[in-house]
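Q: Before I ask anything, let me first share the structure, which is written out below as structure tokens.
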There are 2 protein chains.
Amino acid sequence: EYARKPRSEQGLDAAPEWPALRPMIPEMANLRVLDLGCGYGWFARWAIGQGAQSVLGIDISERMLARARELTSGEDIEYRQGDLDALDLPVAGFDLVFSSLAFHYVEDLPGMLRQVHAAMAPGGMLVFSQEHPLRTAPSRQGWETLADGRRIWPLDRYLLDGPRNTEWLEASVVKQHRCMATLLNALIGAGFTLAGLQEWGASDEQIAAQPNLAKERDRPTFLLVKARN
Amino acid sequence: EYARKPRSEQGLDAAPEWPALRPMIPEMANLRVLDLGCGYGWFARWAIGQGAQSVLGIDISERMLARARELTSGEDIEYRQGDLDALDLPVAGFDLVFSSLAFHYVEDLPGMLRQVHAAMAPGGMLVFSQEHPLRTAPSRQGWETLADGRRIWPLDRYLLDGPRNTEWLEASVVKQHRCMATLLNALIGAGFTLAGLQEWGASDEQIAAQPNLAKERDRPTFLLVKARN
């Protein structure tokens, strides 16, 4: 169950990449926000707390949306069931589009990004995280130790875009691997201007608290992207 | 000796990434071109052959520049000795800035890119290749075979920007490793707009002719970038 994971139970502060992602998000006052893959609505509620005018949260899981609605009070957030591969959005309706760890499930990313671009108002911003392509690329996703003691990430298949089966809490989950060029060219092709990129490695403080996060600097887990429309 | 390498002896057609890089280069007619790290001048002469108005080629090696001058006739190309870390360029003097496999030697890339940006005329374009960060990252740069038979690239230290010592024709060469985010954020910070990216893997034709190029798709060697000023 995804709900067993701390980030779902405890919200944004349980997401190790949040301290890096938050500074990429613009001032929220009066923004109309779209949250793609909103899950339990942690970001949606945070956005309203930061002064956003409204949030539309979209997720494919009715079960997660039901829980999101339980956790939410007020009228400023609408949760809607939807598939990111089949979005139906109003034109120029949003000032900020946010997405946390959902784009690597999207099959037709260029198509989705064109939809998102059309749904953004002039001056709008897209901020998203996804699994880093270095994480999704390999034929077997796990650290290895070589004979000489080096702990390495066994990279292969990096340029071979396509689905990857990964084990997730005893179930198999399909993620879409896209190399960096495929991803960034899809953004550019949809009309976005790249404004900034982060490849998430743990902060010094995080490594001090959790030493095994040090290997994130050998191979980052998350990619954080900011783009203008 | 670098001159022993086919790409230096035989020019652009001996560079396996050239078929991918060439389509990223704009129409050359009447362009004022700057070639950073011009070596023997293969690109400079090609540019003039394509109708460029002039080329300024800069390289740190007087020996390579002497050979470049021997290979060149006509007045349209100027070769000048210079360090990419200490450029002194005219403002708005160039329509196209090109660089092949030189930026990974530059120590202060943000500083160099600001210089280059100021040297470009409105509507100008920057097109460059460099070693891919996945190539330069590891503590030991060589393919490994795991116990189960997987041939992998032993990735570590990806986020640790800084110098890397690599062996090159029996000499040790220092290259500057920069992760993708560092590189692209330096471009954005200097005022460029990213226009396209390629992570070079061999074409089907190249792999048919040289089967050992197939592993380029597991870990690309070259990064090709196009940006507008």
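Q: When only Cα pairs under 8 Å and 6 or more residues apart are kept, what is the percent relative contact order across chain B?
A: Contact order relative to length: 17 percent.
Q: Next question, about the same structure. Is any helix in chain A, taking whole DSSP H runs, at least 24 angstrom long along its axis by alpha carbon and on average at least 0.5 on the Kyte-Doolittle scale, and which ones?
A: Span-like helices in chain A: none at all.
Q: Report the equivalent ellipsoid semi-axes for region A:1-97 in whole Å, largest first, defined as the square roots of five times the eigenvalues of the gyration tensor built from alpha carbon atoms.
A: Each semi-axis is √(5λ); the values are 19, 18, 13 Å.
Q: Going from most exposed to least, what order do A:E107, A:E27, B:E131 have by accessible area with a 1.4 Å probe?
A: Sorted descending by solvent-accessible area, the residues read A:E27, A:E107, B:E131.
Q: Which residue fluctuates the most in chain B, going by a Gaussian network model with Cα springs under 10 Å, if the choices are B:R135, B:R151, B:R63?
A: Fluctuation is largest for B:R151.
Q: For label points placed 7 Å from Cα toward Cβ, what is the shortest-first list of nm distances from A:G111 to its copies?
A: 5.0
Q: When only alpha-carbon atoms are used, what values of Rg and Dmax, in angstrom, describe chain A?
A: 17.7, 59
Q: Here's a follow-up. Taking only DSSP H segments of four or more residues, each worth -39500 (n - 2.57), what value at 222 nm results for chain B once the sum is divided by all its residues, to the nearest 500 deg cm²/dmol? Don't skip to the answer; put the middle values down first.
A: Values: 8 runs with 57 residues, N = 229.
Calculated at 222 nm, the ellipticity per residue is -6500 deg cm²/dmol.
Q: Between copies, how far apart are the B:D76 label points? List them in nm, one decimal, shortest first, with each point 7 Å from Cα toward Cβ, please?
A: Between copies, matching label points for B:D76 lie 6.2 nm apart.
Q: Counting only heavy atoms of protein chains, what accessible area per residue, in Å², does region A:135-183 have with a probe of 1.4 Å?
A: 47 Å²
Q: Oh, and also: Based on the mean of other Cβ atoms within 10 Å per residue, sort peptides A:83-93, A:182-192 so the most packed one is first.
A: A:182-192, A:83-93
Q: Right, next: Sort region B:115-229 into rounded, prolate or oblate with this rule: let a ≥ b ≥ c be the square roots of the eigenvalues of the Cα gyration tensor; rounded if a/c is under 1.5, and if a/c is not under 1.5, prolate when a/b is larger than b/c, oblate otherwise. Show your work: numbers first, answer last.
A: Details: a/c = 2.30, a/b = 1.60, b/c = 1.44.
Judged from the Cα gyration tensor, region B:115-229 comes out prolate (a/c at least 1.5, a/b above b/c).
Q: A further question on this structure: Can you list, shortest first in nanometers, how far B:E27 lies from the same residue in the other copies, with each label 7 Å from Cα toward Cβ?
A: Those separations, rounded to one decimal, come out as 4.4 nm.
Q: Taking the alpha-carbon centroid of each part, what is the distance from region B:47-103 to region A:24-81 in angstrom?
A: Measuring centre to centre over Cα atoms gives 54 Å.
Q: Still on this structure, please answer the following. Considering only the other residues whose Cβ falls under 11 Å of the Cβ of B:E62, what net charge follows from Lys and Arg at +1 and Asp and Glu at -1?
A: So the environment of B:E62 carries a net charge of +3.
Q: Quick check: from the Cα gyration tensor, does the protein assembly as shown come out rounded (a/c under 1.5), prolate or oblate?
A: Because a/c hits 1.5 or more and a/b exceeds b/c, the protein assembly as shown counts as prolate.
Q: Ignoring ligands, DNA and RNA, how much accessible area is buried between chains B and A, both sides summed, with a 1.4 Å probe, to the nearest 100 Å²? Present the calculation step by step, with values, prior to reporting the outcome.
A: On the way: alone 11440 and 11460 Å², together 19970 Å².
Using a 1.4 Å probe, the pair buries roughly 2900 Å².
Q: Find the all-direction average of the projected area of the Cα convex hull for region B:46-163, expressing the result in square nanometres with one decimal place.
A: Result: 10.3 nm².
Q: Can you list the residues of region A:196-229 that have at least 10 square angstrom less accessible area with all protein chains present than in their chain by itself, probe 1.4 Å?
A: A:G196, A:L197, A:E199, A:R217, A:D218, A:P220
Q: Further, regarding this structure: Please give the contour-minus-distance gain from B:A121 to B:Q50: 0.36 nm per residue of separation, less the Cα-Cα distance, rounded to one decimal in nm.
A: Values: separation 71, 0.36 × 71 = 25.56 nm, distance 1.97 nm.
Here the segment from B:A121 to B:Q50 would lengthen by 23.6 nm.
Q: A further question follows. For region B:36-80, give the percent of accessible area contributed by carbon and sulfur heavy atoms, probe 1.4 Å, rounded to a whole number.
A: 48 percent
Q: When a/c reaches 1.5 or more, the comparison of a/b and b/c decides; with that in mind, is region B:159-222 rounded, prolate or oblate per its Cα gyration tensor?
A: On the way: a/c = 2.91, a/b = 1.28, b/c = 2.28.
It is oblate, given that a/c is not under 1.5 and a/b is not larger than b/c.
Q: If you don't mind, there's one more thing I want to ask. What average count of beta carbons from other chains do you get within 10 Å of the Cβ of residues in A:145-153? Show your work: numbers first, answer last.
A: Values: counts 0, 6, 2, 3, 0, 6, 2, 11, 7.
Going residue by residue through A:145-153 and averaging, the value is 4.
Q: Please give the solvent-accessible surface of A:E167 in Å², to the nearest 10, using a probe radius of 1.4 Å with every protein chain present.
A: 140 Å²
Q: Could you pull the accessible area for B:K226 with a 1.4 Å probe, rounded to 10 Å²?
A: 40 Å²
The values are calculated or read from the model by the stated rules, or taken from the named source; none is laboratory data. On a predicted model such as this, the values are computed, not experimentally measured, just so you know. Cβ sites come from the backbone with ideal geometry, for glycine too, and all protein chains shown count toward neighbours. Ligands, DNA and RNA are stripped out before the accessible areas are found, and what is left, the full protein with its side chains, is counted by its heavy atoms. Shrake-Rupley method; radii C 1.70, N 1.55, O 1.52, S 1.80 Å.
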